Amino acid sequence: PSPNMSLESSPSIHRFIPPPESSNRINIIIPVILLIFMNQQGLIDVTAETTIVQEEDYIRAITMNIEVNQSTDEYIVDTCTFTNCLSGAIDIRLSNGGKASVINSQFTGCQTSGSGGAINANIQSGGILTIDGQCRFTKCTSQNSGGGINLWIEGDDSKLIFGEGLIFDTCSSYDNGGGLYANIRTGSQLIFEGDCKFINCSANSGSGGGMHSQSSGEGSLIRVISELLFENCSSSFIGGGAFISAQDKASIELNRVTCIDCKGSQGAGLSIQFGSNAVLTISGQSSFTRCESLDNGGGIYFDIQRENVEIRIIGPMNFTDCIGRYGGGMHINTIYQFIIVMSSSYTFHNCTGYDGGGIYLSSSNIDS
């Protein structure tokens, strides 16, 4: 071990693979049974209960691989910087209640030919990933989905939790989710506990310039407790700021959403797609300013593709200077019966469209 590595004993056995590019300080807690080896690239294998990688700088480093597969174990990346990592910065695999956290870390210019320019994560069977503490993703790119983060979550109690102050700045993907791509399935959850900003992000040949999040299966949930901001985000397809979908008894709970200067088709600011038995609640204030759609819904587009959909808009909505072909501010599209409850104030100022400068509704079955 290097003089900067501290080793302590703990009661269980596990395997982690962190590949440090430099060695300012690494704190690793390990059990009595221990295996460490290093190759010419600085790869370290450690059996451990908890691993903490702290205050490290990774420049053009190989991917840090994190795998945690039991509930007593945790991996923490704290106050690290990742710069110009060419095959993604971190790959995370969590299962059986395993936990990992990325805290107060910066990712700049990281890229991949696959998905997840900075972070690629697969969370199953109760695994929990937390990304918190002013993490920032700047100019990260992917050739598939998730310019900044690509995420697959599956199974009851599996979660990704975003804390306060996350920023995706000038991230892009070739496919879906310029900043963030997330697939939430079979009872798992994506939770935004703090404010999250997507600035100048783009999906060059897909949906969701800032964020693409899709959920399916009973108990699956996308929840925003604070605010999502999309500023100057764009996509070549649906949802310039964000594309969000709920299918097969999944739910979406949004609080405050702000979209400024976003561009795309079918919802330049926000596009929300519904499958059967899906529920959407928007409880806080939403605003759409200078969002421009090449097709429908300059500000927001609701696409209801199956039956038994419920939309509850409790908070106020403001649309200013938005443009769309059908529905300058809002477009609702469906052939199915659905329920929409709008119980606050809705302002459309200087919004324009070929039909429906403010709202365009295409439906024959509405309970309101």
>> If Ala246 meets every condition in (1) aliphatic (A, V, I, L, M); (2) assigned to a strand (DSSP E or B); (3) within 25 Å of Thr170 (Cα to Cα) apart from one, which number is that one?
In response: (3)
> Does segment 177-184 contain at least one residue that is farther than 24 Å from Gln273 by Cβ and touching a residue at least 12 places away in the same chain (Cβ under 8 Å)?
Replying inline: no
>> Could you check segment 240-259 and list, in sequence order, the residues that are under 16 Å from Phe319 (Cβ atoms) and either touching a residue at least 60 places away in the same chain (Cβ under 8 Å) or open to solvent by 40 Å² or more (accessible area, probe 1.4 Å) (or both)?
In response: Arg256
> Name the residues in segment 72-81 that are β-branched (Val, Ile, Thr) and open to solvent by less than 10 Å² (accessible area, probe 1.4 Å), would you?
Replying inline: Val77
> For Phe319, all conditions in the list (1) more than 24 Å from Ser283 (Cβ to Cβ); (2) under 26 Å from the mean Cα position of the chain (by Cα); (3) among the aromatic types (Phe, Trp, Tyr) hold save one; what is the number of the exception?
Replying inline: (1)
> Looking at Gly146, is it closer than 26 Å to Gly219 by Cα, at pLDDT 95 or above, part of a loop (DSSP other than H, G, I, E, B) and within 15 Å of the chain's Cα centre (by Cα)?
Replying inline: yes
>> I want to confirm something. Restricting to segment 128-142 and keeping residues that are at pLDDT below 95 and farther than 27 Å from Gly187 by Cβ, which single residue is surrounded by the fewest Cβ atoms within 10 Å (Cβ to Cβ)?
In response: Gln134
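Each row is one residue, and each column tells you yes or no for (1) among the hydrophobic types (A, V, I, L, M, F, W, C); (2) at pLDDT 90 or above; (3) within 27 Å of the chain's Cα centre (by Cα).
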| position | (1), (2), (3) |
| --- | --- |
| Gly297 | no, yes, yes |
| Arg312 | no, yes, yes |
| Ile335 | yes, no, no |
| Phe338 | yes, no, no |
| Cys351 | yes, yes, no |
| Tyr354 | no, no, no |
| Gly357 | no, no, no |
| Ser368 | no, no, no |
> For Glu310, which of the numbered conditions (1) farther than 23 Å from Ile260 by Cα; (2) touching a Cys at 6+ places or on another chain (Cβ under 7 Å); (3) not β-branched (Val, Ile, Thr) fails to hold?
Replying inline: (2)
>> When you scan segment 67-78, do you find a residue that is closer than 20 Å to Ser142 by Cα and at pLDDT 95 or above, even just one?
In response: no
> Of the residues in segment 313-345, how many are surrounded by fewer than 16 Cβ atoms within 10 Å (Cβ to Cβ) and part of a strand (DSSP E or B)?
Replying inline: 3
> In segment 152-168, is there at least one residue being closer than 26 Å to Ile304 by Cα, open to solvent by less than 10 Å² (accessible area, probe 1.4 Å) and without any contact (Cβ under 8 Å) to a residue 40 or more places away in the chain?
Replying inline: yes
>> Just to be sure I understand, how many residues within segment 51-72 are under 18 Å from Asn120 (Cα atoms), in contact with a Phe, Trp or Tyr (Cβ under 7 Å, 6 or more places away or on another chain) and free of Cβ contacts under 8 Å to residues at least 40 places away in the same chain?
In response: 1
> Going through segment 173-199 one residue at a time, which ones are surrounded by fewer than 24 Cβ atoms within 10 Å (Cβ to Cβ) and of a type in the set (S, T, N, Q)?
Replying inline: Asn183, Thr186, Gln189
> So which of Asn69, Asn122 is open to solvent by 20 Å² or more (accessible area, probe 1.4 Å) and in contact with a Gly (Cβ under 6 Å, 6 or more places away or on another chain)?
Replying inline: Asn69
>> Please go through segment 209-222 and give me each residue that is open to solvent by 20 Å² or more (accessible area, probe 1.4 Å), over 11 Å from the mean Cα position of the chain (by Cα) and free of Cβ contacts under 8 Å to residues at least 60 places away in the same chain, ordered by number.
In response: Ser216, Glu218
>> of a type in the set (Val, Ile, Thr), within 15 Å of Leu180 (Cα to Cα), in contact with a Phe, Trp or Tyr (Cβ under 8 Å, 6 or more places away or on another chain) and part of a strand (DSSP E or B): which single residue out of Ile153, Ile131, Ile123 fits that description?
In response: Ile131
> Name the residues in segment 82-119 that are open to solvent by 40 Å² or more (accessible area, probe 1.4 Å), in a strand (DSSP E or B), over 18 Å from Asn176 (Cβ atoms) and not aliphatic (A, V, I, L, M), would you?
Replying inline: Thr83, Arg93, Lys99, Gln106, Thr108
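The values are calculated or read from the model by the stated rules, or taken from the named source; none is laboratory data. No experiment lies behind these values; they were computed from the predicted model shown. Here Cβ is always computed from backbone atoms with ideal geometry, including for glycine, and neighbour counts include all displayed protein chains. These area figures cover heavy atoms from the full protein model, side chains too; ligands, DNA and RNA do not enter into them. Shrake-Rupley method; radii C 1.70, N 1.55, O 1.52, S 1.80 Å.
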